[in-house]
2 protein chains.
Amino acid sequence: MSGILYIVGTGPGSPEQMTPEAVQAVEAASEFFGYGPYLDRLALRADQRRIASDNREELDRAQAALTRAATGEKVCVVSGGDPGVFAMAAAVCEAIDKGPEAWREIEIVVTPGVTAMLAVAARSGAPLGHDFCAISLSDNLKPWDIITRRLRLVAEAGLVIALYNPISKARPWQLGEAFSLLRDILPATTPVIFGRAAGRPDENIRVMPLETADAAVADMATCVIIGSPETRVIARPGRADLVYTPRFIAGDKR
Amino acid sequence: MSGILYIVGTGPGSPEQMTPEAVQAVEAASEFFGYGPYLDRLALRADQRRIASDNREELDRAQAALTRAATGEKVCVVSGGDPGVFAMAAAVCEAIDKGPEAWREIEIVVTPGVTAMLAVAARSGAPLGHDFCAISLSDNLKPWDIITRRLRLVAEAGLVIALYNPISKARPWQLGEAFSLLRDILPATTPVIFGRAAGRPDENIRVMPLETADAAVADMATCVIIGSPETRVIARPGRADLVYTPRFIAGDKR
């Protein structure tokens with residue numbers, strides 16, 4: 001008998017940014033697998049079991065959750081933000097791909113959520129108003145030369161760039177090097193947004209030009225958005241600047 | 001006296017995918033500006049005023065909403081999905097940028113939402129599990145040669161590609177041409193997801209290889225996700241295939 005595996009996203013952290021669909025999946029499940037701080041965001045009942053694990057043990061966690069779902073349990077795997085963006089949905093799919101045939105029979109329900117770049121964008125204007133990309137800066141996930149090649153190509157393409165996993169204790173220099181290589185391609189005035197804890201009480205959004213963007217402003221919980229050559233900043237009296245990327249690019253064909 | 005301008009996203013369409021924060025903004029506002037079908041998603045009270053306009057009149061709509069907010073009204077501009085992704089938040093910022101100084105004093109509150117690509121990704125597995133981009137295929141917004149250049153660069157970069165505004169009556173051939181140019185860069189087996197009305201009762205998700213991907217499958221309400229060379233498809237007995245992009249890319253440095 002097969003159970004069901006929910007993969008939910010809590011959104012950026014505020015309960016007000018978590019969808020009713022995700023809340024209902026949490027109410028329906030009996031066992032919860034996730035990184036501790038994400039599980040802490042849920043108000044679980046006494047009859048709901050909580051299995052917290054370290055942030056880096058994603059494949060192990062996915063396998064543990066699938067093992068329980070295969071016995072008929074209603075299991076919930078919890079991600080921050082959206083579970084499909086650099087998060088647990090891919091880890092669960094990978095575990096199914098490599099795992100026993102029986103795991104392919106388990107019902108999988110992914111509930112989407114507000115991913116970090118959307119929350120940061122909302123708090124700073126509309127920097128993702130036109131073509132953009134999301135790139136993980138973690139060289140635990142892919143070789144650094146692939147990351148730098150991707151950054152160069154998307155900057156040359158004129159896309160706004162959202163960087164996930166920009167920095168950590170074990171990866172202190174990568175964000176600075178990313179800024180450095182982007183300075184060779186993008187205008188010095190290109191706005192860079194450092195968005196931390198968007199939508200939460202400890203929110204901190206800072207905007208600075210690429211020329212002086214300082215990697216030390218970011219930490220693990222920061223999403224960094226680097227504008228395109230079209231991205232503009234609107235100064236406002238007594239209010240935070242608005243950063244936006246226009247919907248149109250002028251040219252021969254409109 | 002300045003009012004407040006909320007810019008909300010309804011999510012993909014199901015009320016279960018709209019955040020409580022967006023619902024609260026709708027409850028707080030007295031006048032609503034938006035494309036009719038998006039306004040139809042809201043259960044407005046008798047005392048709330050509805051001003052529907054055509055989908056293509058975004059700047060006019062933004063200006064009308066700002067004009068009302070500047071008189072002290074609580075105004076709400078409504079987008080489907082996330083208002084910051086190819087939607088009204090950028091139109092409002094543009095109107096402020098070009099508009100009277102007084103508009104810079106208006107409080108702007110953007111509530112993020114689940115954008116179409118996240119909803120489609122959730123229903124098909126985890127195709128956005130690693131680096132990806134979102135590109136509007138509308139050549140009403142930018143010249144076609146910029147679009148084709150961007151598509152080539154992001155495909156060469158190895159990013160998963162989510163296409164917004166893939167096709168319309170006035171733009172019938174662009175999606176087919178996009179598939180054609182991507183076939184020169186990406187493997188023939190690259191999975192292509194056509195996601196229509198994800199999360200709604202009339203949902204339709206189809207997956208086919210790039211080699212045979214048929215633009216006629218898409219319509220205006222479709223979000224098309226084209227995998228990267230790493231994206232994989234898992235066949236499952238009696239269930240829809242799962243499409244996912246692995247979290248890791250192997251290489252010299254892991």
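Odds and ends about this structure:
- Residue in segment B:209-225 that is at the interface with chain A (Cβ under 8 Å from one of its Cβ atoms), out of contact with any Phe, Trp or Tyr (no Cβ under 9 Å at 6 or more places or on another chain) and either without any contact (Cβ under 8 Å) to a residue 12 or more places away in the chain or among the basic types (K, R) (or both) present: no
- A single entry from A:R150, A:R171, A:R239, A:R183 fulfils the requirement of being of a type in the set (D, E, K, R), more than 17 Å from the chain's Cα centre (by Cα), within 11 Å of chain B (Cβ to nearest Cβ) and over 30 Å from B:A22 (Cα atoms): A:R150.
- Selection count, segment B:228-254, where residues are farther than 11 Å from A:I146 by Cβ and either of a type in the set (A, V, I, L, M) or not in a loop (DSSP other than H, G, I, E, B) (or both): 11
- Test: residue in segment A:175-198 that is modelled with pLDDT under 95 and over 26 Å from B:I146 (Cα atoms): yes
- Members of segment B:95-140 found to be β-branched (V, I, T) and either over 18 Å from the mean Cα position of the chain (by Cα) or facing another protein chain (nearest Cβ under 7 Å) (or both), listed by number: B:I96, B:I106, B:I108, B:V109, B:V110, B:T111, B:V114, B:T115, B:I135
- Among (1) surrounded by 15 or more Cβ atoms within 10 Å (Cβ to Cβ); (2) within 12 Å of chain A (Cβ to nearest Cβ), the one test that B:R196 misses: (2)
- Yes/no for A:P229 being more than 19 Å from the chain's Cα centre (by Cα) and either more than 20 Å from A:P127 (Cα to Cα) or without any contact (Cβ under 8 Å) to a residue 12 or more places away in the chain (or both): no
- The set of residues in segment B:176-227 that are charged (D, E, K, R) and not in a helix (DSSP H, G or I) comprises B:D184, B:R196, B:R200, B:D202, B:E203, B:R206, B:D214, B:D219.
- Residue match in segment A:2-17 (condition: more than 13 Å from every other protein chain (Cβ to nearest Cβ) and among the small types (G, A, S)): yes
- Residue count for segment B:62-94 under the criterion of being more than 8 Å from chain A (Cβ to nearest Cβ), over 21 Å from B:D40 (Cβ atoms) and touching a helix residue (DSSP H, G or I) at 6+ places or on another chain (Cβ under 6 Å): the result is 3.
- Criterion: within 22 Å of A:A95 (Cβ to Cβ), in contact with a Ser or Thr (Cβ under 9 Å, 6 or more places away or on another chain), among the hydrophobic types (A, V, I, L, M, F, W, C) and surrounded by 14 or more Cβ atoms within 10 Å (Cβ to Cβ) - qualifying residue of B:L210, B:L242, B:L186, B:L182: B:L242
- Residue within segment B:20-29 that is buried (at least 20 other Cβ atoms within 10 Å of the Cβ) and either at pLDDT below 95 or outside any helix (DSSP H, G or I) (or both) present: yes
The values are calculated or read from the model by the stated rules, or taken from the named source; none is laboratory data. Because the structure is a prediction, the values reported are computed rather than measured. Reconstructed Cβ throughout: ideal geometry from the backbone, glycine too, with neighbour counts over all protein chains shown.
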